[in-house]
Structure formats: C-alpha cells, structure tokens
1. Could you check region 15-67 and list, in sequence order, the residues that are surrounded by fewer than 14 Cβ atoms within 10 Å (Cβ to Cβ), at pLDDT below 90 and basic (Lys, Arg)?
2. From the list Thr6, Thr70, which residue is at pLDDT 90 or above, β-branched (Val, Ile, Thr) and surrounded by 12 or more Cβ atoms within 10 Å (Cβ to Cβ)?
Amino acid sequence: MAGTFTVRITEWAGEIHDLRYRYIWSAWLEGKLLGEGHAYHPHEALSQAQELVDPEDIDDLEIDFHSPSTPWP
C-alpha cells in the first residue's frame, strides 16, 4: 500500500516531569494510524515513526510539526 506517510509531532505544552515525553508523535499512512509515541527530540520522534513503515510503501512524506518554542531543526 504505497501512499503518503504523515508524521505529526507536537511539543507537549503541559508540565513535563521527564523530558523523554517532551514531544508526542503519531504516524499515518494514507489516513490509517500506524502508531503513536513520545520522544525527547523531534528527530528522534521522526526516526521512531519511520520504523513503522517499509520505505517502499512511501510515495510522499509529510511532517506536521507543532511547537511554540522550537523551530523544525
């Protein structure tokens, strides 16, 4: 099933007791949720999301990044 792979990464806006949970992410392929998780850094979140899909199944990659304090690196 080749298609658009979308990774949504959002910086947690609430109080954080452990920085490993600073960014939450979800991975979607053609509108189907593949998985969710958390990471310390946006690049780590993207890497974790990409592990859920075979690169041959990706026609296009979209990164939907939301952070009030950090620009996309």
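1. The answer is Arg20, and nothing else.
2. Thr6
The values are calculated or read from the model by the stated rules, or taken from the named source; none is laboratory data. Everything quoted here is computed from the prediction, not taken from an experiment. Virtual Cβ from ideal backbone geometry, glycine too; neighbours counted across all protein chains shown.
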